[in-house]
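Where a number appears in this text, it was derived from the coordinates with a stated rule and is not lab data. What you are looking at is a predicted structure, and each value in this text was computed from that prediction instead of being measured. All Cβ positions, glycine included, derive from the backbone under ideal geometry; neighbour counts span all protein chains shown.
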Amino acid sequence: MPVDGDRFGGIAADALLAELDTWPKPGLISPLDNGSHDDMDYNTFLTSINVIRPYFAELAEAGGAGADMAELRRIGRLAEIAMLAATSGVNTHRGSIFALGLLCAAAGAACAERFPLSADRLTRIVGGRWGRDIMRGPIPLNSHGSGVLRRFGAGGARLEAAGSFPHARTVGLPALRAGRVLAGDERAARVHAFFALLAAMEDTNLLHRGGIEALRDARQAARDFLLNGGVGRKDWQAHAMAAHRAFVVRRLSPGGSADLLAVTIFLDRLENAP
């Protein structure tokens, strides 16, 4: 069956835009402010999303054609090169190119084989078809993920993808849907999902910036937000903003959680698309 790569590329890019437009996300860039970052802003991310969108379409088509991991990596590297050229060398979306790129390839494979586009099926295609090669390498020596792997033994994005995105499936998606019930608002639901992911996962960006202490404190702040009612509280936005300001003071930026929020949004939209 022919694969509509543009459709999947568009859903991936829209998921990245929805993640970017979600606020408050402690420490991260949004329409509100630049969070803990001095080298990038909202427009930097918009530029990056527009540039990498066609590569998601190409990855979907490659997945539909039965591409191996080497071919997916080749396309992913081209997307990274285009991103860095457009942002003057700033890494805005390397993690998202990796995660959403694999899921676009899985969507292409599922479409080609006439399988339903469920979150469970797509994530398990990634783990089942490419998981071993994902963990086998090569590992970039200059990435934040490789640094924390050496220092702390954290698996990061590789382990998440090779394991069929367990946090997106079992934490992000249920929290997104719970947030809709609690608040009846899409932005609030995405904030709820973000805090749930932050509370549950081992965010390698936090480990890179602040070590074990930063990760522990960030996860506790997320748990406090959720245990106090999350977006079901009338003053949830003030509570989330307080966490945001505290992260900015410490220059903490949970980029791994942001990447998985984008994955969660992508999977949710694919499941609910016509």
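With the Cα gyration tensor of region 202-274 in hand, give its eigenvalues times 5 under a square root as the equivalent ellipsoid semi-axes, listed largest first in whole angstrom.
On the way: eigenvalues 111, 69, 19 Å².
Gyration-tensor ellipsoid for region 202-274: 24, 19, 10 Å.
Using helices alone, I'd like the mean residue ellipticity at 222 nm for the chain: each DSSP H run of four-plus residues gives -39500 (n - 2.57), total over residue count, nearest 500.
Values: 13 runs with 187 residues, N = 274.
Helix contribution divided over all residues of the chain: -22000 deg cm²/dmol.
The gain in end-to-end length when the residue 121 to residue 177 segment is fully stretched comes to 18.3 nm, 0.36 nm per residue minus the alpha carbon separation.
Spin-label model, residue 249 to residue 7: label points 7 Å out along the Cα-to-beta-carbon direction sit 4.9 nm apart. Remark: region 54-66, residue by residue, has Karplus-estimated 3J(HN,Hα) of x, 6, 5, 4, 5, 5, 4, 5, 5, x, x, 8, x Hz, where x stands for each Gly or Pro and the curve is 6.51 cos²θ - 1.76 cosθ + 1.60 at θ = phi - 60°.
Per 0.36 nm of contour for each residue apart, how much would the distance between residue 238 and residue 21 grow if the chain were fully extended, relative to their Cα-Cα spacing?
Values: separation 217, 0.36 × 217 = 78.12 nm, distance 1.74 nm.
Contour length minus Cα-Cα distance gives 76.4 nm.
Out of 172, 66, 255, any idea which swings most in a Gaussian network model of the chain, alpha carbons joined below 10 Å? Taking springs between Cα atoms under 10 Å, the residue moving most is 66.
The per residue volume of the convex hull around the alpha-carbon atoms of the chain is 108 Å³.
Pulled fully out, how much extra length does the chain show between residue 217 and residue 41, if you take 0.36 nm times their separation in residues and subtract their Cα-Cα distance?
Details: separation 176, 0.36 × 176 = 63.36 nm, distance 2.52 nm.
Gain in length upon complete extension: 60.8 nm.
Spatially, region 233-274 and region 162-230 are offset by 7 Å when compared through their Cα centroids.
Counting Lys and Arg as +1 and Asp and Glu as -1 over every other residue whose Cβ lies under 13 Å from the Cβ of residue 108, the net charge comes to -2. Remark on residue 30: its backbone amide H falls under 5 Å from those of 35, a criterion applied only to residues 5 or more positions apart or on other chains, H modelled at 1.01 Å from N.
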